[in-house]
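Right, one structure below, let's go through it.
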């Protein structure tokens, strides 16, 4: 893996993250409010789930 792959992945991440507030700012704001009310353990679980999903997808693609 070289730096251009890493930067391309980061750029794609930024594009995807920017789509949600661009398409529906009100719903995005509501989602953030719901996330802010989650307990720390719930946030950690969703973070772990996201990490594992990303790793599995990366292994499948590569």
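Here, each number is a calculation from the coordinates, and none is a lab measurement. Quick caveat, the model's predicted, so the values are computed rather than measured. Glycine also receives a Cβ, built like all others from the backbone with ideal geometry; neighbour counts cover every protein chain displayed.
If a/c stays under 1.5 just call it rounded; otherwise compare a/b with b/c (prolate if a/b is bigger, oblate if not). Do that for the chain, with a ≥ b ≥ c from the square roots of the Cα gyration tensor eigenvalues. Intermediate results must be reported in sequence, preceding the final value.
Working: a/c = 2.97, a/b = 1.37, b/c = 2.16.
Judged from the Cα gyration tensor, the chain comes out oblate (a/c at least 1.5, b/c at or above a/b).
State the extension gain, in nm to one decimal, for the chain segment bounded by residue 62 and residue 42, taking 0.36 nm per residue of separation less the distance between their alpha-carbons. Kindly include the intermediate steps, with their values, before the conclusion.
Details: separation 20, 0.36 × 20 = 7.20 nm, distance 3.00 nm.
Answer, rounded to one decimal: 4.2 nm.
Per-residue ellipticity at 222 nm for the chain, helices alone: DSSP H runs ≥ 4 residues times -39500 (n - 2.57), over residue total, nearest 500 deg cm²/dmol?
Values: 3 runs with 55 residues, N = 62.
Mean residue ellipticity at 222 nm (helix-derived): -30000 deg cm²/dmol.
Using the basic label-point model (7 angstrom from Cα toward the beta carbon), what is the residue 24 to residue 4 distance in nanometres?
If labels sit at residue 24 and residue 4, their model points lie 3.7 nm apart.
Measure nothing fancy, just the Cα-based angle from helix 25-36's long axis to the longest principal axis of the chain, in degrees from 0 to 90, nearest 10.
Relative to the chain, helix 25-36 is tipped by roughly 80 degrees.
Using 1/(1 + (r/R0)^6) with R0 = 22 angstrom and r between the beta carbons of residue 55 and residue 15, what's the FRET efficiency to the nearest 0.05? Spell out each step's value before the answer.
Values: r = 21 Å, r/R0 = 0.95.
Using R0 = 22 Å, I get an efficiency of 0.60.
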